[in-house]
Amino acid sequence: MSIDWITVGAQIANFLVLVWLLKRFLYRPILDGIDAREAEIAERMGEAGQIRAEAEAREAEYRAEIAALSASRADVLAAARLDAEAERAELLQKAREAARAEEAERLKERERAAQEMRAGLERDGAAAILALTRKALADLADETLERRIVERGAERLRTASGDLAGAAEGGAAITAISREALPPETREAVQAAVTDLVPDAALRFDVDPAMSPGLRLTLGATEIEWTVESYLSQLDATLDTLAEEMRDAS
Amino acid sequence: MQLTPDDTILFTLAGVAINATIVNTWVIMALLTGIAAIVTRNLKPDVPPNRWRTALEVTVGGIVDQIAEITGNRDPRILYFVGTLFLFIVTANLLTVVPGFDTPTASLSTTVALALAVLVAVPLFGIGNRGFAGYLRSYIEPSPIMLPFNIIGEVSRGVSLAIRLYGNIMSGAVIAAILLAIAPFFFPVLMNMLGLLTGVIQAYIFAILATVYISSATATPPPGESVPRKDSA
């Protein structure tokens with residue numbers, strides 16, 4: 001165990017050279033690299049933090065926009081719903097009105113049809129009654145209906161003499177109106193009845209094809225009538241009653 | 001059997017005999033510098049670190065952390081000095097497993113040189129940190145009576161550093177050589193493995209003690225208090 005001082009000196013020199021070499025090629029590059037990387041990491045973390053803050057701000061902005069859009073969407077939906085409700089109510093109202101109008105039209109049509117039918121029935125009934133009455137009178141009594149009506153009317157003139165006599169005081173002529181021209185004997189019967197009632201009255205005969213069979217005496221505003229019309233009015237009332245009963249039954 | 005590679009003269013340079021200790025030290029220096037230069041030649045922040053660079057970063061980072069743990073600061077000058085001590089010694093000790101390679105740390109001249117380097121570096125760090133008067137004042141603390149003991153302690157810890165490293169490494173090499181002569185199989189392998197462990201531990205101890213000495217010399221005492229001098233373990 002000996003110490004070679006030359007070697008000691010050389011080793012000290014070698015050690016110092018090694019210190020310099022490692023400082024130059026190892027420590028400084030490694031430490032600088034670590035520092036640079038840490039600085040870069042810090043810088044990147046700073047950038048990341050900044051980007052994160054920006055992203056959070058953008059996220060908050062988008063969230064606010066989404067919330068606003070949702071709110072406006074809800075408003076739009078509510079408005080659309082209200083519009084739809086109003087439209088629906090309007091359409092329903094129109095439909096109801098249309099149905100009501102159609103119902104009224106149908107009712108009117110039905111009433112018109114009923115009236116026509118009733119008029120037809122009335123007309124046909126009257127015609128049938130008249131035909132039957134004529135046939136019955138002709139077959140059974142060798143009479144015409146018109147003559148019997150007029151004669152019967154002439155007889156009944158006496159019961160209404162007060163009205164006619166009062167009306168005749170003005171001196172106006174009495175007009176006897178029938179549907180068809182009266183035969184001479186019937187005219188005479190009417191003339192006799194009127195003369196009995198109002199001796200001074202002038203009688204004039206007239207024909208009205210529109211009126212129902214019978215006799216109508218007019219003197220000014222006064223009218224005395226014996227026609228089938230009154231019986232047809234009764235038939236009309238009967239038909240009305242029947243129609244109401246049918247309506248109630250349906 | 002040679003106990004030290006100092007006795008192996010390889011060649012003569014300008015009249016100076018160059019022995020195996022010096023040449024092998026150059027080999028180690030070339031190895032360390034070459035590896036460091038190759039790994040760090042393309043070291044840029046934007047280049048991802050490879051495994052070699054990571055290994056060197058872990059090594060240097062570990063040394064820095066150890067120094068910071070002991071001294072309380074990250075003075076790069078301490079890293080240059082202590083780190084080089086550790087890397088040189090550990091490399092030299094690990095190379096004992098290479099057949100025919102006489103490690104320089106098995107030479108008392110090398111360990112003495114390293115101990116002298118520590119012996120000189122400690123006051124230099126102390127003076128650089130506390131000033132010349134401040135450093136000299138540490139020799140008469142806590143009392144002027146302690147001056148001779150402090151001087152003896154300063155010298156003796158240098159001697160202990162040198163002898164400890166030399167004794168451990170040289171004895172390991174000698175024991176391996178003796179066992180190789182007695183039992184050529186298996187035992188030398190085991191002893192070499194043990195020698196590797198011992199070599200790493202000795203390098204660590206040498207570097208840690210040097211750091212402790214430097215830390216003791218550079219510590220600034222609070223007003224009215226003295227810093228207890230740390231002697232070798």
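The values are calculated or read from the model by the stated rules, or taken from the named source; none is laboratory data. Here the structure is a predicted model, which means the values were calculated and not measured. So basically every Cβ, Gly included, is an ideal-geometry build from the backbone, and we count neighbours across all protein chains shown.
Of the numbered conditions (1) under 30 Å from B:ALA20 (Cα atoms); (2) more than 8 Å from every other protein chain (Cβ to nearest Cβ), A:VAL8 satisfies every one except a single condition; which is it?
All conditions are met except number (2).
With (1) loosely packed, with under 13 Cβ neighbours inside 10 Å; (2) among the small types (Gly, Ala, Ser); (3) modelled with pLDDT of 85 or more as the list, and B:ALA203 as the residue in question, which single condition is left unmet?
Failing condition for B:ALA203: (1).
Specify the residue that is nearest to A:ILE224 (Cα to Cα); the eligible residues are those in segment A:107-134 that are at pLDDT 80 or above and basic (Lys, Arg).
In this case the residue turns out to be A:ARG112.
If a residue has to be of a type in the set (Asp, Glu) and in contact with a Ser or Thr (Cβ under 8 Å, 6 or more places away or on another chain) to count, how many in segment B:47-74 make the cut?
Number of matching residues: 0.
Any residue that is closer than 30 Å to A:PRO213 by Cβ and without any contact (Cβ under 8 Å) to a residue 40 or more places away in the chain - is there at least one of those in segment A:95-112?
Yes, segment A:95-112 contains at least one residue that is closer than 30 Å to A:PRO213 by Cβ and without any contact (Cβ under 8 Å) to a residue 40 or more places away in the chain.
Suppose the filter is in contact (Cβ under 8 Å) with a residue 12 or more places away in the chain and either touching a strand residue (DSSP E or B) at 6+ places or on another chain (Cβ under 6 Å) or within 9 Å of chain A (Cβ to nearest Cβ) (or both); does B:LEU56 pass it?
Answer is yes for this residue.
Tell me, please, whether a residue that is over 30 Å from B:ALA14 (Cβ atoms) and in a helix (DSSP H, G or I) can be found in segment A:3-19.
no
For segment A:52-71, state whether one or more residues are part of a helix (DSSP H, G or I), modelled with pLDDT under 95 and within 30 Å of B:GLU57 (Cβ to Cβ).
Yes: segment A:52-71 contains one or more residues that are part of a helix (DSSP H, G or I), modelled with pLDDT under 95 and within 30 Å of B:GLU57 (Cβ to Cβ).
So if I check each of B:ALA14, B:ALA121, which one is in contact with a Phe, Trp or Tyr (Cβ under 7 Å, 6 or more places away or on another chain) and either crowded, with 17+ Cβ neighbours inside 10 Å or more than 10 Å from chain A (Cβ to nearest Cβ) (or both)?
That would be B:ALA121, the only listed residue that is in contact with a Phe, Trp or Tyr (Cβ under 7 Å, 6 or more places away or on another chain) and either crowded, with 17+ Cβ neighbours inside 10 Å or more than 10 Å from chain A (Cβ to nearest Cβ) (or both).
Residues that are on the phi < 0 side of the Ramachandran plot and within 14 Å of another protein chain (Cβ to nearest Cβ): does segment B:182-201 have at least one?
No; the residues of segment B:182-201 include none that is on the phi < 0 side of the Ramachandran plot and within 14 Å of another protein chain (Cβ to nearest Cβ).
Among the residues that make up segment B:143-160, is at least one of them under 20 Å from A:THR7 (Cα atoms) and away from every other protein chain (no Cβ under 14 Å)?
Yes, because at least one residue in segment B:143-160 is under 20 Å from A:THR7 (Cα atoms) and away from every other protein chain (no Cβ under 14 Å).
Being within 9 Å of another protein chain (Cβ to nearest Cβ), touching a helix residue (DSSP H, G or I) at 6+ places or on another chain (Cβ under 9 Å) and closer than 24 Å to B:VAL200 by Cβ: is that true of B:PHE86 here?
Answer is no for this residue.
Looking at A:VAL19, A:VAL76, can you tell me which residue is without any contact (Cβ under 8 Å) to a residue 24 or more places away in the chain and either within 14 Å of chain B (Cβ to nearest Cβ) or basic (Lys, Arg) (or both)?
A:VAL19
Just to be sure before I move on: is A:LEU182 modelled with pLDDT under 75, surrounded by 14 or more Cβ atoms within 10 Å (Cβ to Cβ) and among the hydrophobic types (A, V, I, L, M, F, W, C) in the structure I sent?
Against the criterion (modelled with pLDDT under 75, surrounded by 14 or more Cβ atoms within 10 Å (Cβ to Cβ) and among the hydrophobic types (A, V, I, L, M, F, W, C)), A:LEU182 does not qualify.
Would you check which residues across segment A:154-179 are touching a helix residue (DSSP H, G or I) at 6+ places or on another chain (Cβ under 9 Å), at pLDDT below 75 and either small (Gly, Ala, Ser) or within 13 Å of A:THR222 (Cβ to Cβ) (or both) and list them?
Hits for segment A:154-179 are A:ALA154, A:LEU157, A:ALA160, A:SER161, A:LEU164, A:ALA165, A:ALA168.
Residues are listed down the side, and each one gets a yes or a no for (1) aromatic (Phe, Trp, Tyr); (2) within 23 Å of B:ALA176 (Cα to Cα); (3) without any contact (Cβ under 8 Å) to a residue 12 or more places away in the chain:
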| position | (1), (2), (3) |
| --- | --- |
| B:GLY72 | no, no, no |
| B:PHE101 | yes, yes, no |
| B:LEU114 | no, no, no |
| B:VAL120 | no, no, yes |
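Please verify whether segment B:144-154 includes one or more residues that are buried (at least 17 other Cβ atoms within 10 Å of the Cβ), over 21 Å from A:GLN11 (Cα atoms) and of a type in the set (Asp, Glu).
Yes - at least one qualifying residue is present in segment B:144-154.
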